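I have placed the structure first, in the form of structure tokens, so that the comments after it can refer back to it.
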Amino acid sequence: MMQIDFGELALSNRFVEKKSPQGERGYYHPLVLAQDHLGLVRIQTPIPYYEMRPRFNWLTETEPSLHLNDTSAMINNAIGGGDKVNVLGVSYRDRKHAGILESQYGIKEISYVDYRPHTPEEIFKIETIQHLITHKGELLGEENGQFDLMLANRILHHVHDPIAFLSGISNMLSDDGFIYFEVPDCQRGFSERDYSIIFEEHTLYFTKTSLCNLLESAGYKVQWCFEYMYPAENSLSILVKKKEIRERNFFCEKDSFQEFVDGFSTTKKNTQHFFEKIAQNQRICLFGAGHHGGTFINLFELSNYFEFVVDDNQNKQNYYLPGTTLEIVSSDALTNNEVDVCFLSVSQVNEENVMEKIKSLSKNKVQCYSIFPKSPFCFPIENEA
């Protein structure tokens with residue numbers, strides 16, 4: 001089994017307050033990625049779901065959605081549409097998709113799984129939902145019934161036991177029903193050696209091939225699977241039905257993950273070399289206190305090169321970036337001539353706007369780079385062996 005051990009990393013959503021007792025470290029966990037016989041890359045030992053749950057209600061989610069009109073049209077064609085179709089959403093992440101099916105295709109019977117009898121949580125976060133479907137799928141089927149169409153947007157890559165989850169969710173699907181899944185496509189991340197894709201909440205890292213392999217092995221027949229292109233990370237959309245015979249022979253692609261594994265030590269060394277060089281006479285900050293930036297700094301062990309982290313979410317400004325002692329501050333710090341270089345870990349869609357903001361605040365005194373390898377603003381890492 002091909003694998004890579006990244007060592008112990010900080011949980012990205014476990015921020016430590018600046019006023020916390022000295023020595024408080026947050027939550028750390030060992031992170032090993034391994035590829036199985038299906039070609040699926042997964043975290044070998046996921047963090048328990050109850051530890052993974054966000055502790056703060058001000059942490060937000062932003063998922064790509066421009067493709068949902070297209071997938072809604074294809075789903076409507078597959079199921080025949082009409083007001084007799086009953087639809088079940090498994091989480092809050094399905095509401096936008098369900099709204100399109102209702103407004104554009106007249107599908108009115110839309111329900112959502114009620115998890116309240118099984119958890120004291122007031123807001124059902126995705127980690128809890130995947131756990132309940134995995135372990136209480138049969139009971140949820142009895143309580144909610146069976147549906148013609150199930151929507152499962154952006155949950156499958158959070159699952160700890162995918163075969164058990166896919167068995168559990170099938171209890172809420174009619175014999176002739178369809179399930180729609182959507183997950184991030186990690187093919188580009190592997191090929192481009194973008195190690196910021198690593199995120200402990202994402203326990204499974206799919207390519208188009210491994211996604212189809214997993215679902216076929218779990219007793220589903222793929223109706224269609226499409227890749228939608230986005231600047232940072234593509235999206236995979238797939239529609240499946242139940243089938244009686246499970247596939248046992250699979251094509252397993254290994255090259256891209258092998259390159260990802262083999263390239264890590266060199267990429268880390270070259271990245272550290274770049275920061276060591278510029279830190280000799282320039283002060284550095286990070287813009288964006290999200291999980292991409294935290295992974296970049298912690299995975300490559302760069303925290304000593306940074307002065308602070310900028311983020312205009314006021315709630316984060318009382319904390320340190322997880323895994324570091326870097327204070328999170330507002331963008332006002334960029335007006336005080338405190339840094340010379342700023343690295344962006346914001347969405348690539350927003351990079352140009354953020355760069356313009358930084359130039360304005362610093363009066364063009366701060367140079368900007370992106371942490372993402374294929375961004376046009378990426379820092380010029382040397383390709384030394």
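Numbers for the structure displayed
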read-out: Cα-based helix-to-principal-axis angle, 208-217 vs the chain, degrees rounded to 10; value: 40 degrees
read-out: Within-13-Å neighbourhood charge of residue 187 [Cβ basis; K, R +1; D, E -1]; value: -3
read-out: Karplus 3J(HN,Hα) series, Hz, for segment 132-139 with 6.51 cos²θ - 1.76 cosθ + 1.60 (x for Gly, Pro); value: 5, 5, 5, 9, 10, x, 5, 5
read-out: Ranked list, fewest to most other Cβ atoms within 10 Å of each Cβ, for 133, 47; value: 47, 133
read-out: Residues with amide H under 5 Å from that of residue 9, placed H, sequence gap 5 or more; value: 29, 31
read-out: Normalised per residue, the volume of the convex hull around the Cα set of segment 58-253 (Å³); value: 125 Å³
read-out: Alpha carbon centroid spacing (whole Å) that separates segment 1-36 from segment 250-306; value: 15 Å
read-out: Debye, to nearest 20: dipole size of the chain, +1 on Lys, Arg Cβ, -1 on Asp, Glu Cβ; value: 260 debye
read-out: Karplus-derived 3J(HN,Hα), 6.51/-1.76/1.60, for each residue of segment 256-265, Hz, glycine and proline x; value: 5, 6, 4, 5, 4, 5, 5, x, 5, 4
read-out: Per-residue HN-Hα couplings for segment 228-239 [Karplus 6.51, -1.76, 1.60; θ = phi - 60°; Hz; x = Gly/Pro]; value: 10, 8, 9, x, 8, 8, 6, 10, 10, 10, 9, 10
read-out: Farthest positive-ward along the chain dipole, Cα basis, beta-carbon charges - from 231, 98, 170; value: 231
read-out: Extension gain (nm, one decimal) between residue 103 and residue 364, 0.36 nm per residue minus Cα-Cα; value: 89.3 nm
read-out: Formal net charge of residues neighbouring residue 339 (Cβ-Cβ distance under 10 Å; K, R +1; D, E -1); value: -1
read-out: Where trypsin sites (Lys or Arg not before Pro) fall in DSSP loop in segment 295-385, at most 13 other Cβ within 10 Å; value: 363, 365
read-out: Linear extension gain, residue 135 paired with residue 62, 0.36 nm per residue minus alpha-carbon span; value: 23.5 nm
read-out: Long-range HN-HN contacts of residue 150 with modeled amide H, under 5 Å; value: 88, 178, 179, 180
read-out: Amide proton proximity set for residue 308, modelled H, under 5 Å, gap of 5+; value: 286
read-out: Taking 330, 347, 237 and counting other C-beta atoms within 10 Å, the order from fewest to most; value: 330, 347, 237
read-out: Nitroxide proxy distance, nm - points 7 Å out along Cα→Cβ at residue 245 and residue 262; value: 3.8 nm
read-out: Proximal lysines relative to residue 241, as straight alpha-carbon distance under 22 Å, when same-chain residues fewer than 8 apart are discounted; value: 84, 108, 136, 208, 221
read-out: Loop-located chymotrypsin sites (Phe, Trp or Tyr not before Pro) in segment 221-329 whose Cβ has at most 14 other Cβ within 10 Å (DSSP); value: 251
read-out: Helix-only [θ]222 nm of the chain, DSSP H runs n ≥ 4, -39500 (n - 2.57) each, per residue, nearest 500; value: -9000 deg cm²/dmol
read-out: Hits among lysines - C-alpha to C-alpha of residue 18 under 21 Å, sequence gap 8 or more where chains match; value: 316
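Throughout, read-outs are computed from the coordinates displayed, never taken from laboratory work. Keep in mind it's a predicted model, so treat the numbers as computed, not measured. Here Cβ is always computed from backbone atoms with ideal geometry, including for glycine, and neighbour counts include all displayed protein chains.
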